[in-house]
Amino acid sequence: MYETPYHTENLSQYSFLVTGGAGFIGSNIVEYLLKYGAGKVRVLDNFATGSHANIEEFKANPAFELIEGDIRDLETCKRALERIDYVSHQAALGSVPRSINDPITSNDVNVSGFLNMLVAARDAGVKRMVYAASSSTYGDHPGLPKVEDKIGKPLSPYAITKYVNELYGDVFSKTYDFHTIGLRYFNVFGPKQNPKGPYAAVIPLFIESALKGEATFINGDGETSRDFTFVDNAVQANVKAMLSMNITQHEVMNVAFGERTTLNQLWSRINEIAGVNITAQYQEERKGDVKHSLADISKAHNLIQYNPQFSVNEGLKVALDWYRYKLALKE
């Protein structure tokens with residue numbers, strides 16, 4: 001992965017902080033930055049959902065640094081931001097069901113922790129802070145494709161927390177002249193995404209089922225659709241957003257591929273790529289889920305020259321190879 005760089009700058013002159021850098025998207029961002037010679041890549045992670053395995057390969061790199069700590073502690077955030085130029089803030093508690101089961105912890109991490117990072121980054125004078133926003137912010141707005149300035153009411157505590165991030169980002173831009181960029185991710189998938197646990201995302205669950213020759217469960221009738229986005233595309237957006245020089249206010253932009261796939265289509269494609277033919281089992285829909293999602297990515301293209309390189313099918317092939325390799329190591 002990351003055979004083609006998404007930047008033209010010499011990264012060796014810069015230091016980066018990736019919060020949640022031991023998590024799925026964060027560790028992929030770390031991989032890119034180290035591959036292209038970043039001067040320093042510091043990770044801040046409390047390992048609530050991140051994994052040491054995701055960053056094990058980086059620990060011998062002299063440019064890599066790990067701080068084990070929690071964004072809910074302001075002093076930890078300040079320490080992590082010392083001598084940092086750019087921030088990719090990925091630390092959060094994801095998952096709509098998790099937030100429904102425990103809204104208080106989701107709020108503490110995603111809102112209070114985010115505010116700590118905003119304050120610490122502002123005070124540290126970083127060049128740019130990019131943060132993980134979410135397509136869940138669109139809530140019950142029925143329009144497709146989703147356009148950044150047209151949102152509805154949130155459908156889960158998680159969606160509320162991610163919308164509050166955007167409101168804080170806008171206020172800090174207008175009040176303190178500290179301009180951040182929120183990337184509204186649309187169902188990111190790929191290597192290093194954990195298929196285990198009660199809040200695992202759908203694609204790693206589907207892939208693991210296919211590789212083990214087991215039937216998977218699909219919520220609802222399977223016609224729920226998503227704009228599934230390969231992680232390489234999300235990394236590209238983070239790199240370009242961090243290094244962008246033409247942002248003069250708070251901005252929020254969609255990060256997706258721009259193609260809609262139903263869960264039934266997804267399971268069929270994974271079956272085809274894995275070389276199996278397994279019938280899925282169906283169960284009731286999850287609370288708080290949006291029925292359909294599709295992104296308009298023109299704003300990201302215009303502002304930061306975002307140009308996703310991996311389609312869903314191309315990303316599934318890479319992801320499936322990675323999971324197959326990991327599964328073979330366990331056998």
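Scanning region 290-331 for residues that are at pLDDT 95 or above, in a loop (DSSP other than H, G, I, E, B) and among the aliphatic types (A, V, I, L, M) yields LEU294, ILE297. Tally up the residues in region 180-197 that are touching a Lys or Arg at 6+ places or on another chain (Cβ under 8 Å) and farther than 19 Å from ILE29 by Cβ, please. So the answer is 0.
Filtering ASP149, ASP140 for residues that are out of contact with any His (no Cβ under 9 Å at 6 or more places or on another chain), outside any strand (DSSP E or B), surrounded by fewer than 16 Cβ atoms within 10 Å (Cβ to Cβ) and touching a residue at least 60 places away in the same chain (Cβ under 8 Å) leaves a single hit, ASP140.
Does ALA215 satisfy the criteria of being within 24 Å of VAL30 (Cα to Cα) and either out of contact with any helix residue (DSSP H, G or I) (no Cβ under 6 Å at 6 or more places or on another chain) or of a type in the set (Gly, Ala, Ser) (or both)? No. Checking each residue in region 246-259 for being touching a strand residue (DSSP E or B) at 6+ places or on another chain (Cβ under 9 Å) and more than 15 Å from PHE186 (Cβ to Cβ) picks out ILE247, HIS250, GLU251.
Residue by residue, here is whether (1) part of a strand (DSSP E or B); (2) modelled with pLDDT under 95; (3) basic (Lys, Arg); (4) buried (at least 23 other Cβ atoms within 10 Å of the Cβ) holds:
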{"site": "LYS162", "(1), (2), (3), (4)": "no, no, yes, yes"}
{"site": "LYS174", "(1), (2), (3), (4)": "no, no, yes, no"}
{"site": "PHE178", "(1), (2), (3), (4)": "no, no, no, no"}
{"site": "LEU183", "(1), (2), (3), (4)": "yes, no, no, yes"}
{"site": "PRO195", "(1), (2), (3), (4)": "no, yes, no, no"}
{"site": "TYR199", "(1), (2), (3), (4)": "no, yes, no, no"}
{"site": "GLU208", "(1), (2), (3), (4)": "no, yes, no, no"}
{"site": "ILE218", "(1), (2), (3), (4)": "yes, yes, no, no"}
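Restricting region 6-20 to residues that are on the phi < 0 side of the Ramachandran plot and part of a loop (DSSP other than H, G, I, E, B) leaves a set whose member that is surrounded by the fewest Cβ atoms within 10 Å (Cβ to Cβ) is THR8. Considering every residue within region 241-254, establish whether at least one is farther than 30 Å from TYR176 by Cβ, not hydroxyl-bearing (Ser, Thr, Tyr) and not in a loop (DSSP other than H, G, I, E, B). No; the residues of region 241-254 include none that is farther than 30 Å from TYR176 by Cβ, not hydroxyl-bearing (Ser, Thr, Tyr) and not in a loop (DSSP other than H, G, I, E, B).
Residues that are crowded, with 20+ Cβ neighbours inside 10 Å and over 21 Å from PHE186 (Cβ atoms) within region 35-55 comprise ALA38, VAL41, ARG42, VAL43, LEU44, ASP45, ASN46, GLY50, ASN54, ILE55, listed in sequence order.
Checked against (1) part of a loop (DSSP other than H, G, I, E, B); (2) touching a Gly at 6+ places or on another chain (Cβ under 8 Å), TYR282 passes all but condition (1).
The values are calculated or read from the model by the stated rules, or taken from the named source; none is laboratory data. Given the structure is predicted, the values throughout are model-derived calculations rather than measurements. Every residue, glycine as well, gets a Cβ built from its backbone with ideal geometry; the counts of neighbours run over all protein chains shown.
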